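Report on one structure; see the data block that follows.
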Amino acid sequence: MIKILYILKKEFLLIIRDIHAITVLFIMPAVFIMIMSLAMRDLFELHGAVSIDVLAVNQDAGKKSEAFLKAMDALRTFRFHLIEKEAAADKVADKIKEQMLARDYKFALIIKENFSAFVEKNGKGKDEKPLELLVNPAVNVQTQLVLKSALDGKLAKLTWDAFIDRMGSLLPLAGIDREKMTAAEESLVEVHYVYKEGRYSKIPSAVQQSVPAWLVFSMFFIVIPISNTFISEREQGTLMRLKSMNVSRFCLIMGKMAPYLLINAIQVIIMIAMGVYIVPLCGGTALTLGDSMGGLILIAASVSFSAISMALLIASAARTTEQATTVGGVLNLIFGALGGIMVPKFVMPGFMQDLANMSPMSWGLEGFLDIFLRNGNVSDVLPKSLYLFIFGVVMLTLTVILLRRRGEI
């Protein structure tokens, strides 16, 4: 027991002397979480409640145009910003174009003077269209079609309601319920997102993706301080002196792992706190933690164990710190690119999602998402934690075999 305490003291002293490498483990993920949570916020919200801002000017004096705007606002997909109409109709287009450029709007809608007459006449006089849509040429065609289809649908509904109003006295004679014919219809389509692993009804927000992703990535970058201390001890003969003092392999390995398990635990706490408290202050959404603290601790510990074990293997195999940091950095980048850290898995093609399952970072990321996003518990993250534990045991076993062959432990 005393030997373990002295070894731990030695490791903590070495870590303090390499404070710059340790600082990177906290600064790097914090910066990435802030940047990616804010930069990718709009991209992730495309899978959620999309809101399209539309400038609008109403030249119509009738009530039908007001009902039309009210119906469009009820969709919650569009936010119409009304501007005052010009007395001269020929100046309306010029003014709204200026407003679009000045306020960076992608769409503008002009409701023409003949709108109410068009609706009340049941669409007669179609050569004079009642709506004019101005579009920024940078907007993709799919988004244009979304707005145009919504406008066409609401205009058709308003025209149909006006027709029912004119035929109101005849409907009871035909046995037709007027309220059912004019009632708003809800969408009968239920949307789910499909992954290779299964079907989920939720897509992560930018912060739900960024916090666990860059946290897992930074935990695997523990290879830098571990390599610095391990190779420094080898060059100074520390490992050989410990071996001559009959220090067991178990004590040596545990002495190496315990301090970095603590560092990774501090990383988890700080990065989660950033997602919960700091990102919302900068305009992003807050990270939701789920309901299972046990599941969170289990997946975090599993990621930490596998990351430290892999780092020990790399440090044992490398001859210099430059070799270790280069190999470790390259492996981390490959695992991160494959595992959904840099590019979310749900935007990957099918074969890339299959490849992602080969990355230990993917197992860790999916485990964190199970807790943060899918309200998972210990049983939900247990399979991924088991994969990470087995991966760590394999790395640790290879480390011991390599060090025994070299006679260092």
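Taking region 292-323 as the range and being assigned to a helix (DSSP H, G or I) and of a type in the set (D, E, K, R) as the test, only 322 passes.
For residue 177, only one of the following conditions fails: (1) under 22 Å from residue 64 (Cα atoms); (2) at pLDDT below 80; (3) charged (D, E, K, R); (4) exposed (fewer than 15 other Cβ atoms within 10 Å of the Cβ). What is its number? Single failed check for residue 177: (1).
Here residue 369 qualifies as out of contact with any Leu (no Cβ under 9 Å at 6 or more places or on another chain), buried (at least 22 other Cβ atoms within 10 Å of the Cβ), among the hydrophobic types (A, V, I, L, M, F, W, C) and not in a loop (DSSP other than H, G, I, E, B). Applying the set (1) exposed (fewer than 15 other Cβ atoms within 10 Å of the Cβ); (2) touching a residue at least 40 places away in the same chain (Cβ under 8 Å); (3) hydroxyl-bearing (Ser, Thr, Tyr) to residue 326 leaves exactly one unmet item: (2).
Under the condition of being in a helix (DSSP H, G or I) and either at positive phi or in contact (Cβ under 8 Å) with a residue 40 or more places away in the chain (or both), the residues counted in region 271-291 number 6. For the condition at pLDDT 70 or above, of a type in the set (A, V, I, L, M, F, W, C), in contact with a helix residue (DSSP H, G or I) (Cβ under 7 Å, 6 or more places away or on another chain) and in the same structural domain as residue 329 (by TED's automatic domain parsing), residue 33 qualifies. Counting the residues of region 341-365 that are part of a loop (DSSP other than H, G, I, E, B), within 15 Å of residue 209 (Cβ to Cβ) and of a type in the set (A, V, I, L, M, F, W, C) gives 4.
The values are calculated or read from the model by the stated rules, or taken from the named source; none is laboratory data. Remember, it's a predicted structure, so these values are computed and weren't measured experimentally. Note that each Cβ is placed from the backbone with ideal geometry, even for glycine, and that neighbours are counted across all protein chains shown.
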